[in-house]
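Engineer: Please find one structure pasted underneath; my questions will follow.
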Amino acid sequence: MTSTSDTTILIFGASGDLTSRKLIPALFRLSQQQYLSPRCPVVGVARRPKSHDEFRTEMRDKVKARLGNDQFDAAAWDIFAKQLFYQQLDITNAEEYATLKESVQTLETQVGAGSDSARIVYLATTPDLIASAVEGLHASQMIPPRELESQLRVVVEKPFGRDLKSAQELTVVLSRHLQESQIYRIDHYLGKETVQNILLFRFGNAIFEPLLNRNHIDHIQITVAEALGMEGSRGGYYDTSGAMRDVLQNHVLQLLCLIAMDPPSLFQAREIRDEKMKVLQALRPGVSGPVGNWAIRGQYTAGLVDRQPALAYREEDRVNPNSNRETFVAMRVALDNWRWAGVPFFLRTGKRLPKQMTEIAIQFKNPPLNLFSTVECDGDLCDLVETRPNQLILRIQPQEAISLRFSTKRPGMNYQVQPVSMDFEYGDHFTTQLPEAYERLLLDVMRGDSTLFTRSDELEAAWRFVTPVLDAWESSSSSPDLYPAGTWGPSSADRLISETKAIWRAPR
Ligand SMILES: NC(=O)c1ccc[n+]([C@@H]2O[C@H](COP(=O)([O-])OP(=O)(O)OC[C@H]3O[C@@H](n4cnc5c(N)ncnc54)[C@H](OP(=O)(O)O)[C@@H]3O)[C@@H](O)[C@H]2O)c1
């Protein structure tokens, strides 16, 4: 196991939720696995006054509470805590950056970091602070000259804008003093092991890839379902954002890119992102006409999720009681390229659906001639049903798995087809725990590998596609279609897909 070369990690927004829930636990795990060298200081930065020890204790308590007493390795924490520091800074006050720079240099000397060590600035703060942070780093000469650009990497958290215009403005702000290669826009979905496996599964096997095109595929469904609603104070943020900005524009379109892209010539950041970019450039509405023909929005009403009563969205804490914010989106889209012309892609995401689940379902065309009757059986009781097409399901989370549904002869004196499924479950084959997305992504930033991060042109292409839909919804006098919490969305989503005689998968 190799640790990274010396890197100082500055977390701006160190008293926030993301830092204690994701970033520090991920860095702790990397330290435990010896991926994080003890010569890499991790410096929490925020406005509140705090000593190093106070910060360490606060982080320890939160990580311990998260892991539980029996999972928390106190000895390993004591080792990690030695490289954990805190520095007070108001990001908006350019004068305070000189002190930050000085303290960081002192800490680097203290832990014995090499003179050529790199720095990572992780902006775990709201987007309105990004401009001040970049200006402050520039004014204090913490941004190295161009020839040494790899010595500074800046990680930016979503949201990357709320429409095309604001995303472009953010790119201008970042690129004022930073090179694109120094900017790491994090979409934690890409850090998930099973998301990375999409490319490996497609391009590391010869079996499936030749079939993934318009000649063999009937349609593809991508679902990112959440059972949760507006827990805690999330309603305030969500009511300004919604399912399109929060999930579809980023996670769902990234999954679409990975399942639809052509093989890159090299498995490297630029080549992979170039292929993803071509998918986004080919992205079109699935049918012509107004937005309502191919994109629908929904909002949950009261219902039952996992047999527990759930409030209507408009009754949730910090949500406007007249809100028209969408908590569900379904879309029919198409890709105008040779591989996928004519193949519908159905995308959906929503809150308060029956379960938390992310999957990509690839449905194959039916055999050209149907020679057999198909049955579905419960023990010895069988019913004749319509032919069930082959399906390849990539389950991203939870119960990470890949399964292939195909037809087989039901044992007996008749030629009857019964659909069966061949399943691969990660849990059955690998005993190692799947790494958390943030672990992988932080390690990649330390290694200077930007493959799993979103480039500015990808980001803009995604916004260019969804912004007209958001504009149409915002200028419309109609409300989102309602669905009871605990169901798979409004009936308009079923109509959207049934026009092609397909149906949404409703995984159990
Ligand atoms: N939480 C998540 O799970 C999650 C997931 C995905 C993306 N994100 C994104 O990550 C970012 C941070 O989210 P969060 O939930 O951690 O936010 P948060 O809990 O509100 O934390 C914000 C942090 O910023 C600091 N801060 C605010 N103004 C500052 C200033 N002028 N100077 C220095 N520090 C300042 C605050 O500390 P002080 O008050 O002490 O200064 C606090 O540490 C957001 O952009 C969010 O959209 C979060």
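Engineer: Test of understanding: among Arg318, Arg325, Arg297, Arg314, which residue is assigned by TED's automatic domain parsing to the domain that holds Ile217, in a strand (DSSP E or B) and of a type in the set (D, E, K, R)?
Structural biologist: Arg297
Engineer: Of the conditions (1) within 30 Å of Lys365 (Cβ to Cβ); (2) within 16 Å of the ligand (Cβ to nearest atom), Gly235 satisfies every one except a single condition; which number is it?
Structural biologist: Every listed condition holds for Gly235 apart from (1).
Engineer: Check Glu147, Glu58, Glu96, Glu108 and return the single one that is open to solvent by less than 40 Å² (accessible area, probe 1.4 Å), farther than 30 Å from Arg245 by Cα and part of a helix (DSSP H, G or I).
Structural biologist: The conditions single out Glu108.
Engineer: Another question, if that's okay. Considering each of Leu248, Leu211, Leu228, Leu170 in turn, give the residue that is more than 16 Å from the ligand (Cβ to nearest atom) and either under 21 Å from Ala437 (Cβ atoms) or of a type in the set (A, V, I, L, M) (or both).
Structural biologist: Within the list Leu248, Leu211, Leu228, Leu170, the selection yields Leu211.
Engineer: Can you list residue pairs whose Cβ atoms sit under 6 Å apart, with the first residue in the stretch 79-105 being closer than 18 Å to Met59 by Cβ and within 12 Å of the ligand (Cβ to nearest atom) and the second being open to solvent by less than 10 Å² (accessible area, probe 1.4 Å) and not acidic (Asp, Glu)? Count only pairs 6 or more apart in sequence or on different chains.
Structural biologist: Sorted first by the residue in the stretch 79-105, then by its partner, the pairs are Tyr86/Gly44; Tyr86/Phe55; Gln87/Val43; Gln87/Val45; Gln87/Leu100; Leu89/Val45; Leu89/Leu100.
Engineer: Here's a follow-up. Working carefully through the options Gln151, Gln105, Gln87, find the one that is out of contact with any Phe, Trp or Tyr (no Cβ under 8 Å at 6 or more places or on another chain) and under 22 Å from Ser15 (Cβ atoms).
Structural biologist: Exactly one residue qualifies, and that residue is Gln87.
Engineer: Here's something else I'd like to know. Going through Glu359, Glu386, Glu376 one at a time, which residue ends up being farther than 28 Å from Lys278 by Cβ, touching a residue at least 40 places away in the same chain (Cβ under 8 Å), of a type in the set (Asp, Glu) and in contact with a strand residue (DSSP E or B) (Cβ under 9 Å, 6 or more places away or on another chain)? Break it down stepwise before answering.
Structural biologist: On the way: Glu359 fails: farther than 28 Å from Lys278 by Cβ; Glu386 fails: touching a residue at least 40 places away in the same chain (Cβ under 8 Å).
Going through Glu359, Glu386, Glu376 in turn, just one is farther than 28 Å from Lys278 by Cβ, touching a residue at least 40 places away in the same chain (Cβ under 8 Å), of a type in the set (Asp, Glu) and in contact with a strand residue (DSSP E or B) (Cβ under 9 Å, 6 or more places away or on another chain): Glu376.
Engineer: Same structure, new question: Only residues that are within 11 Å of the ligand (Cβ to nearest atom) and part of a helix (DSSP H, G or I): list them for the stretch 10-34, please.
Structural biologist: Within the stretch 10-34, Asp17, Leu18, Thr19, Ser20, Arg21, Lys22, Leu23 meet the criteria.
Engineer: While we're looking at this one, here's another question. Quick one: in the stretch 117-132, of everything that is more than 17 Å from Gln105 (Cα to Cα) and open to solvent by 10 Å² or more (accessible area, probe 1.4 Å), which residue is farthest from the ligand (Cβ to nearest atom)?
Structural biologist: If we take residues in the stretch 117-132 being more than 17 Å from Gln105 (Cα to Cα) and open to solvent by 10 Å² or more (accessible area, probe 1.4 Å), then Ala131 is farthest from the ligand (Cβ to nearest atom).
Engineer: Right, next: Please determine whether any residue of the stretch 329-339 is surrounded by fewer than 15 Cβ atoms within 10 Å (Cβ to Cβ), in a loop (DSSP other than H, G, I, E, B) and at pLDDT below 95.
Structural biologist: Here is the first cut: in the stretch 329-339, the ones surrounded by fewer than 15 Cβ atoms within 10 Å (Cβ to Cβ) are 336, 338.
From the residues that got through so far, the ones that are in a loop (DSSP other than H, G, I, E, B) too are 336, 338.
The next check asks that each one be at pLDDT below 95; those that pass are none.
Checking the stretch 329-339: not a single residue is surrounded by fewer than 15 Cβ atoms within 10 Å (Cβ to Cβ), in a loop (DSSP other than H, G, I, E, B) and at pLDDT below 95.
Engineer: Of all residues in the stretch 43-55, which are of a type outside the set (A, V, I, L, M) and either open to solvent by less than 20 Å² (accessible area, probe 1.4 Å) or within 16 Å of the ligand (Cβ to nearest atom) (or both)? Give the derivation first.
Structural biologist: Kept after step one, since they are of a type outside the set (A, V, I, L, M), are these residues of the stretch 43-55: 44, 47-55.
Hits for the stretch 43-55 are Gly44, Arg47, Arg48, Pro49, Lys50, Ser51, His52, Glu54, Phe55.
Engineer: Failed condition for Leu164, given (1) more than 23 Å from Thr7 (Cβ to Cβ); (2) away from the ligand (no atom under 12 Å from the Cβ); (3) surrounded by fewer than 17 Cβ atoms within 10 Å (Cβ to Cβ), with all others met?
Structural biologist: (3)
Engineer: Taking the condition over 30 Å from Ser5 (Cβ atoms), crowded, with 19+ Cβ neighbours inside 10 Å and at pLDDT 90 or above, does Lys365 pass? Quick ask: steps written out before the conclusion?
Structural biologist: On the way: over 30 Å from Ser5 (Cβ atoms): yes; crowded, with 19+ Cβ neighbours inside 10 Å: no; at pLDDT 90 or above: yes.
Here the answer is no, as Lys365 does not meet what is asked.
Engineer: Being assigned by TED's automatic domain parsing to the domain that holds Leu470, more than 17 Å from Ile393 (Cα to Cα) and out of contact with any Cys (no Cβ under 7 Å at 6 or more places or on another chain) is true for just one of Asn205, Asn197, Asn215. Which residue is that? Can you show your working first?
Structural biologist: Working: Asn205 fails: more than 17 Å from Ile393 (Cα to Cα); Asn197 fails: more than 17 Å from Ile393 (Cα to Cα).
Exactly one residue qualifies, and that residue is Asn215.
Engineer: If I go through the stretch 386-438 residue by residue, how many of them are out of contact with any His (no Cβ under 7 Å at 6 or more places or on another chain), farther than 14 Å from Pro507 by Cβ, small (Gly, Ala, Ser) and outside any loop (DSSP other than H, G, I, E, B)?
Structural biologist: 2
Engineer: Another question about this same structure. What's the total number of residues in the stretch 13-31 that are of a type in the set (Gly, Ala, Ser), under 18 Å from the mean Cα position of the chain (by Cα) and open to solvent by 10 Å² or more (accessible area, probe 1.4 Å)? First the steps, then the outcome.
Structural biologist: To start, the set of residues in the stretch 13-31 that are of a type in the set (Gly, Ala, Ser) comprises 13-16, 20, 26, 31.
Add one more test, that the residue is under 18 Å from the mean Cα position of the chain (by Cα), and what stays is 26.
Checking which are open to solvent by 10 Å² or more (accessible area, probe 1.4 Å) leaves us with none.
Result for the stretch 13-31: 0.
Engineer: Give the stretch 132-153 a look and list any residue that's within 20 Å of Asp6 (Cβ to Cβ) and either outside the structural domain of Ala94 (by TED's automatic domain parsing) or aliphatic (A, V, I, L, M) (or both), or say none.
Structural biologist: Hits for the stretch 132-153 are Leu137, Met142, Ile143, Leu148, Leu152.
Engineer: Here's something else I'd like to know. Of Ser265, Ser323, which residue is open to solvent by less than 30 Å² (accessible area, probe 1.4 Å), among the polar types (S, T, N, Q) and either more than 30 Å from Val343 (Cα to Cα) or over 24 Å from the mean Cα position of the chain (by Cα) (or both)?
Structural biologist: Working: Ser265 fails: open to solvent by less than 30 Å² (accessible area, probe 1.4 Å).
Only one candidate passes the filter, namely Ser323.
Engineer: Same structure again: Could you figure out which of (1) crowded, with 18+ Cβ neighbours inside 10 Å; (2) away from the ligand (no atom under 16 Å from the Cβ) isn't true of Gln179?
Structural biologist: (1)
Engineer: Among (1) open to solvent by 60 Å² or more (accessible area, probe 1.4 Å); (2) more than 16 Å from the chain's Cα centre (by Cα), there is one condition Val173 misses while meeting the rest; what is its number?
Structural biologist: So Val173 meets the others, but not (1).
Engineer: Quick test of your reading of the structure: Cys40 fulfils all but one of (1) closer than 29 Å to Glu135 by Cα; (2) more than 16 Å from the ligand (Cβ to nearest atom); (3) touching a residue at least 12 places away in the same chain (Cβ under 8 Å); (4) open to solvent by 70 Å² or more (accessible area, probe 1.4 Å). Name the failing condition by number.
Structural biologist: (4)
The values are calculated or read from the model by the stated rules, or taken from the named source; none is laboratory data. The model shown is predicted, which means the values in this text are computed figures rather than measured ones. Neighbour counts run over all protein chains shown; Cβ positions are idealised from the backbone, glycine included. Note: accessible area is taken over every heavy atom of the protein model, side chains too, but ligands, DNA and RNA are not part of it. Shrake-Rupley method; radii C 1.70, N 1.55, O 1.52, S 1.80 Å.
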